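Peer 1: Dropping a structure here in C-alpha cells format, bear with me for questions.
The values are calculated or read from the model by the stated rules, or taken from the named source; none is laboratory data. Bear in mind that the values here come from a model prediction, so they are computed numbers and not experimental data. Glycine also receives a Cβ, built like all others from the backbone with ideal geometry; neighbour counts cover every protein chain displayed.
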Amino acid sequence: MNDFLKGSNVYLIGMMGAGKTTVGKLLAAQLGYRFMDTDAVIEQVTGLPIAELFAQSGEEAFRQMESQVLAELCAYTRLTIATGGGIVLKRENWGYLRHGIVVWLDVPVEQLQTRLQADTTRPLLQDADPATKLQALLEQRQPLYAQADVHIRYDVAETSEEVAKRAIEQIKQALKPSV
Ligand SMILES: Nc1ncnc2c1ncn2[C@@H]1O[C@H](COP(=O)(O)OP(=O)(O)O)[C@@H](O)[C@H]1O
Ligand SMILES: O=C(O)C1=C[C@@H](OP(=O)(O)O)[C@@H](O)[C@H](O)C1
Ligand SMILES: [Mg+2]
C-alpha cells in the first residue's frame with residue numbers, strides 16, 4: 001500500500017488547529033506508518049506541557065527543542081510526523097523536513113477559530129484577541145507553508161479520515177514523474 005513512498009517520512013505542516021495531530025494519526029494508520037508528534041515528544045522529554053515550557057523557558061527555547069526533536073525524527077523512516085504550527089519559521093527545520101514529503105493542511109482562519117475557541121493549551125493563543133492573533137500568524141506564515149510539496153485545501157464536507165485519504169492521493173500525484 002505505501003511502497004510508493006519507499007519509506008520516506010510524511011511531515012504535516014500548517015497552522016495550530018489545522019488538524020495535523022488528528023489527521024496525522026489517521027494518515028499513519030492508512031499508510032501502515034508509525035505516528036509521531038513533535039509537541040508530544042517535547043512534552044514527554046521535558047515532562048512539561050507546551051504552555052508551561054513557554055512560560056518557564058520562553059518561545060526561543062521551545063523553538064530550539066523543536067529543531068532538536070525534528071533532527072532526531074528525520075533520521076527514522078516510515079513515520080507520519082505532526083509538527084507544531086511554527087516549525088516552518090526556522091530555515092534549519094526545512095533542512096530536516098526536506099528529508100521527506102511535506103504536506104500542508106490549509107484550513108481557513110474562521111474554521112481554526114471555531115476549533116480553538118475554547119483552547120487553553122496553545123500559549124500563542126492566550127491573547128486578548130485570539131482571532132486577530134491567529135490571522136496575523138497565518139499571514140506571516142502562509143508563504144512558508146506554501147513551500148510544502150503537497151497542498152491540502154480544507155473541504156468542509158470531509159471527515160478527518162477523508163482528509164487523510166485525499167492526502168495519500170495528492171502525495172501519489174506529487175511523486176509521479178513529470179513527463
Ligand atoms: N476536520 C475537523 N473538523 C472539526 N474539528 C477538527 C477537525 N480536525 C481537527 N479538529 C479539532 O481541532 C482541534 C485541533 O486539532 P489538532 O489535530 O490538534 O490540530 P493541530 O495539531 O494542527 O493543532 C482539535 O480539538 C480537533 O479535535
Ligand atoms: O503555531 C505555533 O507556533 C505553535 C503550535 C503548537 O502546535 P499545534 O500546531 O499542534 O497546535 C505548538 O507547537 C506551540 O503551541 C506553538
Ligand atoms: Mg498538533
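Peer 1: Name the residue, out of Leu12, Leu26, that is at pLDDT 95 or above, in a helix (DSSP H, G or I), within 16 Å of ligand 1 (Cβ to nearest atom) and surrounded by 17 or more Cβ atoms within 10 Å (Cβ to Cβ).
Peer 2: None of the others qualify; the one that does is Leu26.
Peer 1: Enumerate the pairs (first residue in segment 80-98 and over 13 Å from Gly14 (Cβ atoms); second residue anywhere and within 12 Å of ligand 1 (Cβ to nearest atom)) with beta-carbon separation below 7 Å, excluding pairs fewer than 6 apart on the same chain, so at least 6 apart or on different chains.
Peer 2: Thr80/Gly24; Thr80/Leu27; Thr80/Phe35; Asn93/Ile87
Peer 1: If you don't mind, there's one more thing I want to ask. Could you list, ordered by first residue, the pairs with Cβ atoms under 8 Å in which the first is in segment 18-32 and within 16 Å of Ile171 (Cα to Cα) and the second is within 13 Å of ligand 3 (Cβ to nearest atom) and at pLDDT below 95, at least 6 apart or interchain?
Peer 2: none
Peer 1: Take the conditions among the basic types (Lys, Arg) and in contact with a strand residue (DSSP E or B) (Cβ under 8 Å, 6 or more places away or on another chain) and apply them to Lys6. Does it pass? Walk me through it before giving the result.
Peer 2: Values: among the basic types (Lys, Arg): yes; in contact with a strand residue (DSSP E or B) (Cβ under 8 Å, 6 or more places away or on another chain): no.
It is false that Lys6 is among the basic types (Lys, Arg) and in contact with a strand residue (DSSP E or B) (Cβ under 8 Å, 6 or more places away or on another chain).
Peer 1: Suppose we filter Val102, Val150 for residues that are away from ligand 3 (no atom under 16 Å from the Cβ), closer than 18 Å to Ser8 by Cβ and buried (at least 18 other Cβ atoms within 10 Å of the Cβ); which single one remains? Write out each step before concluding.
Peer 2: Details: Val102 fails: away from ligand 3 (no atom under 16 Å from the Cβ).
The conditions single out Val150.
Here is a yes/no grid of residues against (1) aliphatic (A, V, I, L, M); (2) within 14 Å of ligand 3 (Cβ to nearest atom); (3) crowded, with 19+ Cβ neighbours inside 10 Å; (4) within 20 Å of Glu52 (Cα to Cα):
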{"position": "Arg91", "(1), (2), (3), (4)": "no, no, no, no"}
{"position": "Leu97", "(1), (2), (3), (4)": "yes, no, yes, no"}
{"position": "Pro108", "(1), (2), (3), (4)": "no, no, no, no"}
{"position": "Leu112", "(1), (2), (3), (4)": "yes, yes, yes, no"}
{"position": "Asp127", "(1), (2), (3), (4)": "no, no, no, yes"}
{"position": "Ala131", "(1), (2), (3), (4)": "yes, no, no, no"}
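Peer 1: Taking the stated definitions as given, is Thr38 surrounded by fewer than 20 Cβ atoms within 10 Å (Cβ to Cβ), modelled with pLDDT of 95 or more and touching a Ser or Thr at 6+ places or on another chain (Cβ under 7 Å)?
Peer 2: Working: surrounded by fewer than 20 Cβ atoms within 10 Å (Cβ to Cβ): no; modelled with pLDDT of 95 or more: yes; touching a Ser or Thr at 6+ places or on another chain (Cβ under 7 Å): yes.
For Thr38, the condition - surrounded by fewer than 20 Cβ atoms within 10 Å (Cβ to Cβ), modelled with pLDDT of 95 or more and touching a Ser or Thr at 6+ places or on another chain (Cβ under 7 Å) - is not met.
Peer 1: Report yes if some residue within segment 121-133 is over 15 Å from Ile13 (Cα atoms), touching a Pro at 6+ places or on another chain (Cβ under 8 Å) and part of a loop (DSSP other than H, G, I, E, B); otherwise report no.
Peer 2: Yes.
Peer 1: Any residue that is hydroxyl-bearing (Ser, Thr, Tyr), within 14 Å of ligand 2 (Cβ to nearest atom), surrounded by 13 or more Cβ atoms within 10 Å (Cβ to Cβ) and over 13 Å from the mean Cα position of the chain (by Cα) - is there at least one of those in segment 61-84?
Peer 2: Scanning segment 61-84, I find at least one residue that is hydroxyl-bearing (Ser, Thr, Tyr), within 14 Å of ligand 2 (Cβ to nearest atom), surrounded by 13 or more Cβ atoms within 10 Å (Cβ to Cβ) and over 13 Å from the mean Cα position of the chain (by Cα), so the answer is yes.
Peer 1: So which of Leu138, Leu134, Leu144 is farther than 24 Å from Gln117 by Cβ and either touching a residue at least 12 places away in the same chain (Cβ under 8 Å) or of a type outside the set (Val, Ile, Thr) (or both)?
Peer 2: Leu144
Peer 1: Does at least one position in segment 157-171 carry a residue that is assigned to a loop (DSSP other than H, G, I, E, B), modelled with pLDDT under 95 and within 11 Å of ligand 1 (Cβ to nearest atom)?
Peer 2: Pass one, segment 157-171, residues assigned to a loop (DSSP other than H, G, I, E, B): 157-159.
After this cut, where a residue has to be modelled with pLDDT under 95 as well, the list is 157.
Subset that is within 11 Å of ligand 1 (Cβ to nearest atom): 157.
Yes, segment 157-171 has at least one match.
Peer 1: For segment 31-73, enumerate the residues that are of a type in the set (Phe, Trp, Tyr) and either assigned to a loop (DSSP other than H, G, I, E, B) or within 22 Å of Asp127 (Cα to Cα) (or both).
Peer 2: Tyr33, Phe54, Phe62
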